[in-house]
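> There's a structure below that I have some questions on.
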Amino acid sequence: MIFVTFHGGSAGKNNIYAYASGKGASTKPLSTKVLQVGSKVKLDELRGMTLAGPLLYVANGSKKTSSVLTFQGSGKSYQLKDTLISNSLASVDHPFAMAFDESSHCFVSNQDTNVVAILNVDKNGEKAKGGAISSYLQGLKVKGKFLPATFVASKNGTLPNVPAAPNLKSGQGGLKVAFSGTGPTLKVQNSVRDVALANGFLFVVDEPGGCVRIYNPASGKYYGKSGGGPLQSPTHLLVQGEMLFVCAGKEIWSSPLPKTKSKKPKLKFQSVTTVTAGDISGIAFDQEDPPNSYVAIRTGTPQILMGDAKLQNLQTWIAKLPDSPEFLIYAPE
């Protein structure tokens, strides 16, 4: 199956839609309410999703909800179990995506604070607490205090409606940020996006910086930014085999992953494909042999394209979605 989250809000779709995957499958949704919450929680502007066994984690991303929720289930139905983390942790605000390591840590990117927060997840995988500020950041000689649980920091520590944090110098791994408006209308326009873990490295999309940055997921040490490109407004990542894919505007790029334990990890992106339908908001592959690829289009007519294992021969699969897609993932049935 393919799970899709949408832009949401008062006029949008605030749940996950499930579609049967594979060539010849019906394009009608199997479910328009994968998430079951009752009256306990309001779903609003859902963003990133991560499956881990029977658990499904979802970013409940609006400014009012600002949390990551834990669900349990299978197939096309998941029941709310708990709130993994909320904006009671100051670094969590307008969460976008999350990635889990094998040591019960969760890394959450947050658009309004422009940081990646580290969480310590309980043994049941249902709740989490803020972890320690990365040892790399603690070792920097800066003025001020980082937000609690900051693992990757904003280069600009002065953001609207966010507690002040240190500014970082070029080369220290700070994430860039772009603003809109002035004075009382100043707001964060573009900031951190997706996160991914692979081969012992943490990859973070810096949209205004036009790159993917590489960190050590144990210490937070900054290794550098991606080469190749240039990437125009990168947003979403996908690890597939030994390749890392990134969506940037109407293009999909790929780079071989750095080798495990590499002392100087590098990424060098090359263009894989360009679409004309609109800006891309995520890709996925199913588990057929060979796999089919799925590409979500969020601007123009919201839709999903299907292609081959090389992200070529992309054709319209779902011609019109009910709202702009934000993320899509493959969910084994």
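The values are calculated or read from the model by the stated rules, or taken from the named source; none is laboratory data. The structure displayed is predicted, hence computed values, not measured ones. As a convention, Cβ positions derive from the backbone with ideal geometry for all residues, glycine included, and neighbour counts pool all protein chains shown. Remember, those area values only see protein heavy atoms, side chains included, never the ligands or the DNA or RNA. Shrake-Rupley method; radii C 1.70, N 1.55, O 1.52, S 1.80 Å.
> Looking at G282, G278, which one is within 13 Å of F245 (Cα to Cα), open to solvent by less than 40 Å² (accessible area, probe 1.4 Å) and either small (G, A, S) or in a loop (DSSP other than H, G, I, E, B) (or both)?
G282
> Which ones in the stretch 127-183 are at positive phi and touching a Leu at 6+ places or on another chain (Cβ under 9 Å)?
Result: A149, G173.
> Considering only the stretch 289-333, state which residues are in a loop (DSSP other than H, G, I, E, B), among the charged types (D, E, K, R) and at pLDDT 95 or above.
The answer is D289, R298, D308, K310, K320, D323.
> Then there's this: Please go through the stretch 159-169 and give me each residue that is open to solvent by 30 Å² or more (accessible area, probe 1.4 Å) and either free of Cβ contacts under 8 Å to residues at least 12 places away in the same chain or of a type in the set (A, V, I, L, M) (or both), ordered by number.
A164, K169
> Return yes when S104 is of a type outside the set (A, V, I, L, M), without any contact (Cβ under 8 Å) to a residue 60 or more places away in the chain, open to solvent by 10 Å² or more (accessible area, probe 1.4 Å) and at positive phi and no when it is not.
It is true that S104 is of a type outside the set (A, V, I, L, M), without any contact (Cβ under 8 Å) to a residue 60 or more places away in the chain, open to solvent by 10 Å² or more (accessible area, probe 1.4 Å) and at positive phi.
> Note down all Cβ pairs under 7 Å where the first residue falls in the stretch 78-101 and is free of Cβ contacts under 8 Å to residues at least 24 places away in the same chain and closer than 24 Å to S31 by Cα, the second is surrounded by 24 or more Cβ atoms within 10 Å (Cβ to Cβ) and of a type in the set (S, T, Y), and they're at least six residues apart or on different chains.
No pair meets every condition.
> Scan the stretch 183-206 for residues that are of a type in the set (K, R) and over 15 Å from V162 (Cα atoms) and jot them down.
Result: R193, single match.
> So, one more: Within the stretch 28-59, work out how many residues are within 22 Å of L238 (Cα to Cα), at pLDDT below 95 and assigned to a loop (DSSP other than H, G, I, E, B).
Number of matching residues: 2.
> So, of the residues in the stretch 285-306 that are out of contact with any strand residue (DSSP E or B) (no Cβ under 7 Å at 6 or more places or on another chain) and acidic (D, E), which turns out to be surrounded by the fewest Cβ atoms within 10 Å (Cβ to Cβ)?
D289
> Identify, please: which residue in the stretch 30-82 is closer than 26 Å to I283 by Cβ and basic (K, R) and is, among those, most open to solvent (accessible area, probe 1.4 Å)?
K33
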